[in-house]
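Chemist: Let me begin by handing over the structure; questions about it come next.
The values are calculated or read from the model by the stated rules, or taken from the named source; none is laboratory data. Note that the structure is a prediction, hence the values are computed from the model and not measured. Cβ atoms come from the backbone with ideal geometry, glycine included; neighbour counts cover every protein chain shown. For the accessible areas, the whole protein counts, side chains as well, though only heavy atoms, and no ligand, DNA or RNA atoms are used. Shrake-Rupley method; radii C 1.70, N 1.55, O 1.52, S 1.80 Å.
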Amino acid sequence: MQGDVKSNLKTMANTLNKYVESKDLNEIEKIENQFEALFNAEVVKLWAYDDKNETLQLIENGNQEAVSLLPSLTKQAITDKSSVISNHSTSDKYYTPEIDNPLELKVKALMIFPIIKGQQVIGVLRIWRGLKQKKIFTRKDESILKSFMPILIKLIVCEKMEKEEIIVLTDDTTENKVVTDTKPAATPKAKDLPSKVSDEFTALQKKLDETLEELESYRKNEAVYKIQIDKSQSELKKSKENCKQIETSALELSSEIEAYQSQINELTTQLEILKEDHEHVKHALKEANKNNNVQNIKEEKLKRSLIENKRLGKLDQNIELILDEVYHLFEKNEYSYMLFELLVFSISSKKGMDYLEETLRKTKLVPDMIEGYYFNGNLKVHNEKCLIQDFIKRIEKYKNNIFPEMMDFNVVVENEVPASLVFDAPKIQTILLHLLMDLNQFAEHSKPVNIHFAYKNKFLTIEIGTSVYQKNSLLKSVLKQIKLTGNEKERHGLQLSIKLIKRLKGEIESVYEDEYYKFVFSVPAQVIKI
């Protein structure tokens, strides 16, 4: 281990100097990767600490989090100015996920190492180990980390390490060596000591044996506790799966209830129309008897009734067709809620579907879902690993299933985009759906829709745009608005997209130039090595 520490000290010092010269965040990631290899860790992240505002800033992308509001393991490490080790972090009473695990990683063990300059904490190094890693953190790991304190201080304050400092840091002095030989010194035998001392020594030796037996008992109990914890975690996982199945069944049942309510409302409306037609026919017959023209009036009223019933039947058929097409577009999993979002857009749009809007609003279920889903903060972020090619295939389905009037989708993926990323794929898919709906209002349908994917500095950037043809100067001025507020009138798809992007801690803007209009939005996406 000592040779590995010396080698890593020299390598990290050189990487530090490259970062100070170039400000390239990839150098930070290299240092984090070296720590991951040295400590057999899943993830290592470096944070700068502002003691005035009590905030942490992730150095590799500048994200901030507050640590003064809640008690946490991180707060404890900063306050005590000493390392905190938690080998079962999720069961630790001081563990706070929002502070101690802001990246929402699935981990078991956590070590938080405060970076101290003088008497002041200026940063924090967090090391996570995954659920499948059996190795635990020890105070020996803390001792090894202390060897890297000079490099970590320089990294936080962004200062180069001079050649003389590197030589002193990697020199084989006593203070830099890591103690690996923990074998205790030979114990003197009782027969070599005087009688009184021998008796005391024998008593101490007996006490030592009892302590060792007690320690062994603790180790056995720890194994039993671990088995019980694993069993509890397995039962908790099954409970979560059952809960998810119940939620899915409830959603399906709600859909069926809405369908039945819609049919009842349709039949009630048709009955009212038939009653009204019946009254018209009675009145017409009465007038026809007076004018000896009963037959002509019967034929006229019958014609009106047939036309009205035909119109209603076509509307019913269109609504049923729309619901069937959209519902079967997605499987019955986490993507099925996109059906609901499409209905939300249809309800909010002023382009038609008045009958569907009236029917769904009478149920009171949909308005409650809209209120809770978008405006009361119930929209949760679920970051999971997703293959980029699978994600693109789902987007391309929109061309034939939802936007057949548009030309081809021209999808371009830059080389630097990884094959897989960790992000909330369903919500980003929803964002693209709503932006396509917004573009469809202005698009010149003889031109293709361009969708461009790029990845840089832990952010996935997506551009979506097409040619537009607008003679109205007022509308052109609206399209030229780069900064989007989320309050754009009559653009409900865009409003919903902005809400989702803000919830994902991303940004969006629009660009209009030479009759070409596009959206550009970025959201965080991680590359995690398992």
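Chemist: What pairs can you find where one residue is in segment 404-428 and of a type in the set (Val, Ile, Thr), the other is at pLDDT below 85 and part of a loop (DSSP other than H, G, I, E, B), and their Cβ atoms are less than 6 Å apart, with a gap of 6+ or different chains?
Modeler: Note: pairs meeting the criteria are 422/528.
Chemist: Looking for whichever is open to solvent by 70 Å² or more (accessible area, probe 1.4 Å), modelled with pLDDT under 90 and part of a helix (DSSP H, G or I) here; the options are 52, 18, 10, 30. Which one fits?
Modeler: Answer to the check: 10.
This table checks each residue for (1) modelled with pLDDT of 80 or more; (2) β-branched (Val, Ile, Thr).
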{"position": "174", "(1), (2)": "no, yes"}
{"position": "182", "(1), (2)": "no, yes"}
{"position": "195", "(1), (2)": "no, no"}
{"position": "198", "(1), (2)": "no, no"}
{"position": "204", "(1), (2)": "yes, no"}
{"position": "216", "(1), (2)": "no, no"}
{"position": "226", "(1), (2)": "yes, no"}
{"position": "230", "(1), (2)": "yes, no"}
{"position": "234", "(1), (2)": "yes, no"}
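Chemist: Looking only at segment 212-268, how many residues end up being polar (S, T, N, Q) and under 27 Å from the mean Cα position of the chain (by Cα)?
Modeler: Residues that pass the stated criteria total 10.
Chemist: Which of the strands (runs of 3 or more DSSP E) found entirely inside segment 55-165 contain at least 1 residues meeting this: under 23 Å from the mean Cα position of the chain (by Cα) and among the acidic types (Asp, Glu)?
Modeler: Passing ranges, in order: 64-66.
Chemist: Mind listing just one residue for me: the one in segment 433-448 that is outside any loop (DSSP other than H, G, I, E, B) and in contact with a Ser or Thr (Cβ under 7 Å, 6 or more places away or on another chain) and, of those, farthest from residue 509 (Cα to Cα)?
Modeler: So the residue we want is 443.
Chemist: Right, another one. Only residues in segment 79-108 that are at positive phi count as the first member; pair them with residues that are open to solvent by 90 Å² or more (accessible area, probe 1.4 Å), Cβ under 9 angstrom, at least 6 apart or cross-chain, and list the lot.
Modeler: Close Cβ pairs (under 9 Å, with a partner that is open to solvent by 90 Å² or more (accessible area, probe 1.4 Å)) amount to 81/119; 104/382.
Chemist: From the residues in segment 378-409 that are among the polar types (S, T, N, Q) and under 20 Å from residue 424 (Cβ atoms), which one is modelled with the lowest pLDDT?
Modeler: Looking at the filtered set, the residue picked out is 378.
Chemist: Looking at residue 276, is it modelled with pLDDT under 80, open to solvent by 100 Å² or more (accessible area, probe 1.4 Å) and over 25 Å from residue 131 (Cα atoms)? Let's see the steps before the verdict.
Modeler: Numbers: modelled with pLDDT under 80: yes; open to solvent by 100 Å² or more (accessible area, probe 1.4 Å): yes; over 25 Å from residue 131 (Cα atoms): yes.
Criteria met by residue 276.
Chemist: Something else now. Looking at segment 80-90, is at least one residue surrounded by 15 or more Cβ atoms within 10 Å (Cβ to Cβ) and touching a Ser or Thr at 6+ places or on another chain (Cβ under 6 Å)?
Modeler: No: zero hits.
Chemist: I've got another one for you. Could you say which residue among 421, 475 is under 15 Å from residue 517 (Cα atoms) and either at pLDDT below 70 or not in a helix (DSSP H, G or I) (or both)?
Modeler: Numbers: 421 fails: under 15 Å from residue 517 (Cα atoms).
After applying the criteria, what remains is 475.
Chemist: Another question, then. I'm trying to understand the selection: among the residues of segment 500-530, which are without any contact (Cβ under 8 Å) to a residue 12 or more places away in the chain and assigned to a strand (DSSP E or B)?
Modeler: Of everything in segment 500-530, just one residue is without any contact (Cβ under 8 Å) to a residue 12 or more places away in the chain and assigned to a strand (DSSP E or B), namely 513.
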